[in-house]
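Trainee: I'd like to ask you about the structure that follows.
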Amino acid sequence: MMLHRRFRLLVFLAAAALAGGCAAPRPQRAPETPGGGIPAPEKPAAEARVTIFVPVLVNDEMRLERRSVAVTSARPGPKEALEALLDYRIAGQRMFPEGARVLDFSVDKDGVAVVDLSPEIQEYSGGSMEEAGALNALVMTAAQYDGVKSVRFLCDGKEMETLGGHADLTVPLVPDRRLLVEQN
Amino acid sequence: MLSGKKIQPHRSIWPVLLALLATAGAGESAPAARVPATVFITGQQVAGPTFLEDGRVWAPAEALARAAGIELQPSGKEFAVAGGGGTIPGRSENGVAYADAAAFAEAAGGVPRRSGGRLDILARVADVRFAGGRLFVSCTLPVTYSVHRLTGPERVYVDLDEVILEGPGGETRSEKAAVRALRLSQYAPRTVRVAAETAGRLPYTIQSPPRARQVVIALSSSDVGPAAGAASGPAEVATVREGIRTVRSVRLEEADDGVRFIVTADGPVAPQEDRDPATGQHWLDFESALLEGEAPEFRPQGGLLSAARLVQFRAGVPRLRLVAQTRRVVATRVAGGEGPNQIVWHLSIPEGADGDWKRKVIILDPGHGGRDTGARGNGLNEKDVNLTIARLAAEEGRKRGLDIVLTRDKDVELTLRARTDMISRYDTTLFVSIHNNSNTRPNSVSGTEVYYHMQDPDSRALAEAIHDQIVAQAGTKPRGARSDSRLYSTGLFVLRNSRVPAALVEVGYINHSGDAARLKDPAFLKTVAKAIIDGIVSYLGGLTLARQPAEPAPVQDEGAGNKQ
């Protein structure tokens with residue numbers, strides 16, 4: 001009796017999946033050419049990219065420049081963009097410690113994005129200009145997403161005092177758009 | 001006053017009921033009971049204990065003033081905003097002065113909006129104008145903002161968060177100017193939009209910090225003249241103005257602790273401050289401003305100023321400069337005066353610099369330590385260089401009679417909080433953190449920077465004094481005394497959390513081979529250490545400015561027909 005019921009359930013689920021109710025991705029139809037001509041050959045899905053902001057030097061001052069980088073996630077969001085930045089290298093050197101990751105990303109009702117970083121971030125060291133470049137890059141990258149007005153950093157769920165011994169991370173940081181190389 | 005009342009623990013249901021009453025608007029007559037509250041000034045939460053009691057939201061006066069970027073003057077049990085109107089009820093508990101946050105909002109030109117235990121203080125727009133190729137939007141409190149571009153027609157707009165308009169807004173137009181129209185509107189319940197319709201596509205550059213009382217957007221290169229002659233808008237747009245300001249009067253007043261210049265114009269002005277470290281000259285530049293009538297003659301009598309004068313630049317966009325020649329390190333600040341069209345420029349003896357400069361407690365803080373190496377490069381660890389300089393500076397300072405305290409005298413790890421906590425353990429006069437820098441590109445940047453917190457005038461005077469001495473004595477590349485708001489919207493930890501004037505010295509760049517070579521030289525480190533102490537001593541009044549001219553150095557006029 002029980003076996004019979006299970007069989008009926010399997011049949012129902014299979015039918016529901018065939019009817020289009022399954023969340024599994026379906027193959028994309030090739031776009032049709034205007035006028036009903038020969039359809040273009042099917043292409044693999046485009047590589048997903050995210051925009052990040054990275055520190056650059058302009059007239060010996062730290063500024064931020066936009067970069068587009070490839071990510072493996074199919075639908076990248078702020079967490080993926082921030083992780084791409086954590087992995088970013090300038091002149092072959094990592095900006096952030098090896099293994100540093102974003103554990104969680106959320107935005108509260110006041111527009112404060114909370115970025116919870118993994119404990120590896122505590123290995124960071126650098127001068128104040130280097131630290132400012134790294135932190136402002138994180139803030140600007142997070143602030144490109146809707147509803148983000150400021151950014152607060154946590155380390156493994158706990159309050160961070162600082163990153164490299166200069167910045168005050170006990171309060172949220174507001175993105176400074178003066179730092180952008182291309183503001184318009 | 002309930003200042004002696006103890007805070008009741010939340011053991012009964014009464015606090016909850018009272019909070020509900022307050023939420024319903026009936027809290028004004030509630031008996032004395034206290035519930036936690038939050039205060040936001042234009043979206044930024046005010047630090048420290050804030051609470052709701054007797055229908056009022058109380059917040060630490062110092063935290064309110066700091067978040068609003070204004071000066072509060074105690075007056076008995078009350079406070080007054082410098083240059084503002086009305087008094088603010090105050091109270092004191094456990095040595096902390098509290099102010100009625102809603103009354104504070106009104107006196108500071110803000111708008112309080114309360115919902116239960118949350119008080120939001122919104123800003124008003126004080127002035128909008130386009131002059132000298134720049135759009136100036138002035139608010140009564142610091143605000144966060146964003147800048148955007150739209151086409152059809154070309155326009156750049158600024159959205160100001162947590163700001164409200166008194167009236168319905170409006171528009172002014174000028175067909176001949178680079179900016180054809182300025183529009184002011186309440187775009188969302190708490191967002192004001194200022195839109196500048198431009199004659200074509202103009203590049204823009206944001207020139208103000210991320211939180212600013214005055215938002216400045218450069219909309220074109222300087223060869224585009226100011227919009228002038230635009231017709232006034234309706235009464236509701238009285239805040240929208242364009243063109244040249246007329247400075248009606250400049251008056252000098254002297255007091256025991258300093259001098260002040262009172263400048264009155266035909267509309268709000270936002271002068272830029274600057275100085276020449278070599279001569280001790282400080283000046284204020286009023287962009288797009290013309291002096292009405294003859295320039296007054298200033299005859300300073302006190303010991304702070306040796307001379308002062310006004311210079312009118314007329315070429316291109318007119319500029320009025322007020323120059324003051326000082327005899328010693330001074331703290332300067334620009335504050336509001338009586339009404340929106342007046343500013344007051346204060347030049348005063350900085351905090352802690354009165355009386356005998358010897359025996360003052362100075363905390364020297366060698367940055368980093370232990371596992372925290374700080375910057376690394378060219379075989380150097382920043383923590384070691386910082387400690388060497390701090391030890392040498394301590395030796396020099398003690399020799400000169402200062403009472404020097406080191407936050408660390410060996411290679412140990414200290415939190416930043418532990419460092420600033422030391423300030424209250426002593427009768428501290430100044431806090432100086434000693435660091436060296438690095439950036440993402442080795443061998444690119446070199447030189448000395450000294451940071452101060454936000455716009456704090458005393459800390460700026462200290463940073464300038466130390467910077468000037470290091471550059472002059474050690475020959476490093478001058479990168480200036482800088483506000484830490486250039487690095488972060490909140491500034492640097494040890495500066496933000498210092499209760500006394502404070503500076504953070506970045507002697508050189510460890511990942512620059514030239515700077516690193518000097519940082520390995522014991523003689524150089526000794527010179528830097530002496531220069532840091534000389535900077536401190538000159539701040540305290542123990543050294544007069546070395547290269548002071550007898551008269552203010554002539555400032556070259558950029559235009560013809562100038563009168564000086």
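Trainee: Which GluC sites (Glu not before Pro) does segment B:389-438 hold that lie in a coil by DSSP with at most 15 other beta carbons within 10 Å? If you can, show how the numbers build up before the last one.
Mentor: Details: sites: B:395, B:396, B:413; in loops: B:413.
Listed in order of number, the matching sites are B:413.
Trainee: With contacts defined as alpha carbon pairs under 8 Å and 6 or more residues apart, what's the relative contact order of segment A:110-164 in percent? Walk me through the numbers on the way to the answer.
Mentor: Values: 61 pairs, mean separation 32.2, N = 55.
Dividing the mean separation by the residue count of segment A:110-164 yields 59 percent.
Trainee: Using DSSP H assignments, which helices in chain B have an axial alpha-carbon span of 24 Å or above and a mean Kyte-Doolittle hydropathy of -0.5 or higher?
Mentor: Length and hydropathy pass: B:457-474, B:522-540.
Trainee: Peptides B:385-391, B:351-357: what's the order by average Cβ count within 10 Å, highest mean first? Before the final figure, lay out each step's value.
Mentor: Values: B:385-391: 22.7, B:351-357: 16.6.
Listed from highest to lowest mean packing, they are B:385-391, B:351-357.
Trainee: When the Cα atoms of segment B:115-186 are enclosed in a convex hull and the volume is divided per residue, what value in Å³ results?
Mentor: In segment B:115-186, the Cα convex hull volume per residue is 113 Å³.
Trainee: Next question, about the same structure. Most exposed first by the Cβ proxy, i.e. fewest other Cβ within 10 Å, how do B:290, B:380 rank?
Mentor: With the fewest neighbours first, B:290, B:380 line up as B:290, B:380.
Trainee: Counting every Cα pair in segment A:49-178, what percent are over 21 Å apart?
Mentor: Values: 2762 of 8385 pairs.
Summing the P(r) tail past 21 Å for segment A:49-178 gives 33 percent.
Trainee: Another question, if that's okay. Going down the table (B:358/B:477; A:149/B:477; B:399/B:477; B:383/B:477; B:410/B:477), which pairs top 25 Å between alpha carbons?
Mentor: On the way: B:358/B:477 30 Å; A:149/B:477 37 Å; B:399/B:477 28 Å; B:383/B:477 22 Å; B:410/B:477 29 Å.
Correct reply: B:358/B:477; A:149/B:477; B:399/B:477; B:410/B:477.
Trainee: Restricting attention to segment A:60-125, which trypsin sites (Lys or Arg not before Pro) occupy a DSSP loop and are surrounded by at most 10 other Cβ atoms within 10 Å?
Mentor: For trypsin sites (Lys or Arg not before Pro) across segment A:60-125 that sit outside H, G, I, E and B with at most 10 neighbouring Cβ atoms in 10 Å, the list reads A:109.
Trainee: Same structure, new question: State, in angstrom, two size descriptors of segment B:399-496 derived from its alpha carbons: Rg to one decimal place and Dmax to the nearest whole number.
Mentor: Final numbers for Rg and Dmax: 14.6, 41 Å.
Trainee: Continuing with this model, one more query. Under the definition of partner shielding as Cβ atoms of other protein chains within 10 Å of a residue Cβ, what is the mean value for peptide B:440-450?
Mentor: That average works out to 4.
Trainee: Next question. With each pseudo-label sitting 7 Å past Cα toward Cβ, what's the residue A:103-residue B:418 distance in nm, one decimal?
Mentor: Simple spin-label model gives 2.3 nm for this pair.
Trainee: Give me the log10 of I(q) over I(0) for chain B at q = 0.11 Å⁻¹, as the Debye formula computes it from C-alpha points; what are the numbers?
Mentor: -1.15
Trainee: Starting at 0 and stepping by 5 Å, how many percent of the alpha carbon pairs of segment B:361-540 end up in each bin?
Mentor: In order of increasing distance, the bins hold 1, 9, 19, 23, 24, 16, 6, 1, 0 percent.
Trainee: Rounded to whole Å, give me the distance from the Cα center of segment B:85-124 to that of segment A:111-163.
Mentor: Answer, in whole Å: 31.
Trainee: Follow-up question, since we're still on this one. Please enumerate, by chain and number, the aspartates and glutamates with C-alpha under 15 Å from the C-alpha of residue B:77, excluding those fewer than 8 residues away in the same chain.
Mentor: B:62, B:93, B:100
Trainee: Give me the distance in nm between label points sitting 7 Å out from Cα along the Cα-to-Cβ direction at residue A:118 and residue B:274, one decimal.
Mentor: Simple spin-label model gives 4.9 nm for this pair.
Trainee: While we're looking at this one, here's another question. If Lys and Arg each add +1 and Asp and Glu each add -1, what is the summed charge of the other residues whose beta carbon sits under 11 Å from the beta carbon of residue A:170?
Mentor: Numbers: positive: A:152, B:417, B:496; negative: A:159, A:161, A:168.
Neighbour charge sum, excluding residue A:170 itself: 0.
Trainee: Order B:53-61, B:186-194 from most to least packed using the mean count of other Cβ atoms within 10 Å. Each step should come with its number before you reach the end.
Mentor: Values: B:53-61: 22.1, B:186-194: 17.4.
Answer by packing, highest mean first, reads B:53-61, B:186-194.
Trainee: Which of B:184, B:364 comes first, and how do the rest follow, when ranked by fewest Cβ neighbours within 10 Å?
Mentor: Listing B:184, B:364 from fewest to most nearby Cβ atoms yields B:184, B:364.
Trainee: Near the amide H of residue B:437, under 5 Å away, which other amide H atoms are found, from residues 5 or more places off or on another chain, if H is placed in the peptide plane?
Mentor: B:507, B:508, B:509, B:510
Trainee: Could you size up the charge dipole of segment B:361-540 around its Cα centre, putting +1 on the beta carbon of Lys and Arg and -1 on that of Asp and Glu, and report it in debye to the nearest 20?
Mentor: For this selection, approximately 240 debye.
Trainee: Simple spin-label model, 7 Å along Cα-to-Cβ: residue B:513 to residue B:254 in nm?
Mentor: 5.6 nm
Trainee: Can you give the relative contact order of chain B as a percent, counting alpha carbon pairs under 8 Å and 6+ residues apart?
Mentor: In percent, rounded to a whole number, it is 10.
Trainee: If you take the beta carbon distance between residue A:68 and residue B:314 as r and set R0 to 45 Å, what does 1/(1 + (r/R0)^6) give as a FRET efficiency, to the nearest 0.05?
Mentor: 0.40
Trainee: Most exposed first by the Cβ proxy, i.e. fewest other Cβ within 10 Å, how do A:95, A:140 rank? Don't jump to the answer; show the numbers that get you there.
Mentor: Numbers: A:95 21, A:140 24.
Neighbour counts put them in this order, fewest first: A:95, A:140.
Trainee: Counting other C-beta atoms within 10 Å, and keeping those with at most 16, which DSSP coil chymotrypsin sites (Phe, Trp or Tyr not before Pro) do you find in segment B:391-467?
Mentor: Answer in residue order: B:426.
Bear in mind these aren't lab numbers, they're just calculated from the coordinates by the rules spelled out. Nothing here was measured: the structure is a model prediction, and the numbers come from that model. Neighbour counts run over all protein chains shown; Cβ positions are idealised from the backbone, glycine included.
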